[in-house]
Amino acid sequence: MHNTDFLSSFLFSMSVTLPTVLMLLLGVVLQRLHMVDDKFTGQATKIIFNITLPILLFLNITSNPVEFRSQLLPIAASFTGTLLLFIVAELVAAKFIVEKQERGTFVQGVYRGNNGILGLALCINAYGEAGLAPASIYAAATIFLFNVLGVITLSRSFADGRVSFLGIVKNVIKNPLIIAIVLGYVVNGFELQFPKTLQTTGNYLASMTLPLALICAGASVKFNGSVSGSRTVIWGSIGRVIIAPIFMVCIGKLFGLSGMNMGILFLMAATPMATITYAMVRGMGGNATSAANIIALTTLGAIITSSVGLLILSQLGWV
């Protein structure tokens, strides 16, 4: 593995996460200057959740066809670890997060990393071009699971009274992100091609997603929220940047992973909470402030944990 010393790992992590930090800070500044407000972030988030983000996910899948069979063991480890993290986080949320609507945000904070963007960048920085294909396969396999679990936990959080299984299934089926992912896999399977004009238009819309989502998230960062919201942010952030990476490494050892496969598993788990979580929480009617705060804290924390963790694992000879 390249870049085994701490300073190199730290600088690489900084180069990947610093743009995210700067975009979040831009959102904070714009909000303080009254150039954006809650009405703007609400309207922009609707556009992101229903249009630009689905297009981004669709294009990512159709532009990067992957062969899952070559990475079955790492994918199995990822799915197992993610499902266990999800279940444990749900149990913890039910017991300790008093405000029900905050539970889905906390749960996503624990299990849902930014695999598609920051995870890929960290893996490429660590392993070069050799890490691109397996990391892409890993990210493509997990993104669908992340979104399905996200819909389930948010549906449970926002439901009045007893949760209906059919209601959850309905929310999963009609979720724009999941629809886009499924359509992307269908297009890949049939090897369909689109006119260049449509592809260019789609790329325009997709390129808006992350900058706009980060600005909206930054504009929504407020650390003077409720006690329940603060608990959600602190515990969710600890779960994301400390618990999740350690837990996933343990799962990886149980599955016999080593070398680059273990490194990819760790680096993906060490990413901050996915930016799209903010759009998803707000798009489904939840408290997006807690999601924005977790994104901000975990983005800063991931710079340290990814670097230190990579150093420790390399010294142990596990990556």
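The values are calculated or read from the model by the stated rules, or taken from the named source; none is laboratory data. This one's a predicted model, so the numbers in the text were calculated from it and none came from an experiment. Backbone-built Cβ (ideal geometry, glycine too); neighbour counts: all protein chains shown. For the accessible areas, the whole protein counts, side chains as well, though only heavy atoms, and no ligand, DNA or RNA atoms are used. Shrake-Rupley method; radii C 1.70, N 1.55, O 1.52, S 1.80 Å.
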Item checked: Leu118 vs. criteria under 19 Å from Ala279 (Cβ atoms) and either open to solvent by 50 Å² or more (accessible area, probe 1.4 Å) or modelled with pLDDT under 85 (or both) -> yes
Next item on the list: Answer yes or no as to whether Gly184 is assigned to a helix (DSSP H, G or I), of a type outside the set (A, V, I, L, M) and either surrounded by fewer than 18 Cβ atoms within 10 Å (Cβ to Cβ) or modelled with pLDDT of 85 or more (or both).
Entry: yes
Notebook entry, point to check: Residues in the stretch 287-300 that are open to solvent by less than 20 Å² (accessible area, probe 1.4 Å) and not aliphatic (A, V, I, L, M): how many?
Noted result: 4
Next item on the list: Identify all residues within the stretch 36-75 that are hydroxyl-bearing (Ser, Thr, Tyr) and at pLDDT 80 or above; write none if there are none.
Entry: Thr41, Thr45, Thr52, Thr62
Margin query: Which pairs turn up if I take residues in the stretch 87-105 that are closer than 21 Å to Thr289 by Cβ and look for partners that are open to solvent by less than 10 Å² (accessible area, probe 1.4 Å) and in a loop (DSSP other than H, G, I, E, B) with beta carbon separation below 8 Å, at least 6 apart in sequence or on another chain?
Written below: Arg103/Ile97
Item checked: Cβ pairs under 6 Å, 6+ apart, first in the stretch 144-155 and β-branched (Val, Ile, Thr), second in a helix (DSSP H, G or I) -> Val148/Val172; Val151/Asn171; Val151/Val172; Ile152/Ile168; Thr153/Gly104; Thr153/Val107
Check: Which one of these is buried (at least 24 other Cβ atoms within 10 Å of the Cβ) and either acidic (Asp, Glu) or in contact (Cβ under 8 Å) with a residue 60 or more places away in the chain (or both): Met248, Met284?
Finding: Met248
Checklist line | Qualifying positions in the stretch 101-114 - among the polar types (S, T, N, Q) and open to solvent by 10 Å² or more (accessible area, probe 1.4 Å) | finding: Gln101, Asn114
Notebook entry, point to check: Looking at Ile55, Ile48, which is the one that is touching a Cys at 6+ places or on another chain (Cβ under 8 Å) and farther than 20 Å from Thr153 by Cα?
Noted result: Ile48
Next item on the list: Using the structure shown, decide if Gly128 is crowded, with 21+ Cβ neighbours inside 10 Å and part of a helix (DSSP H, G or I).
Entry: no
Item checked: Criterion: in contact with a Phe, Trp or Tyr (Cβ under 7 Å, 6 or more places away or on another chain) and either surrounded by 20 or more Cβ atoms within 10 Å (Cβ to Cβ) or not acidic (Asp, Glu) (or both) - qualifying residue of Ile48, Ile75 -> Ile75
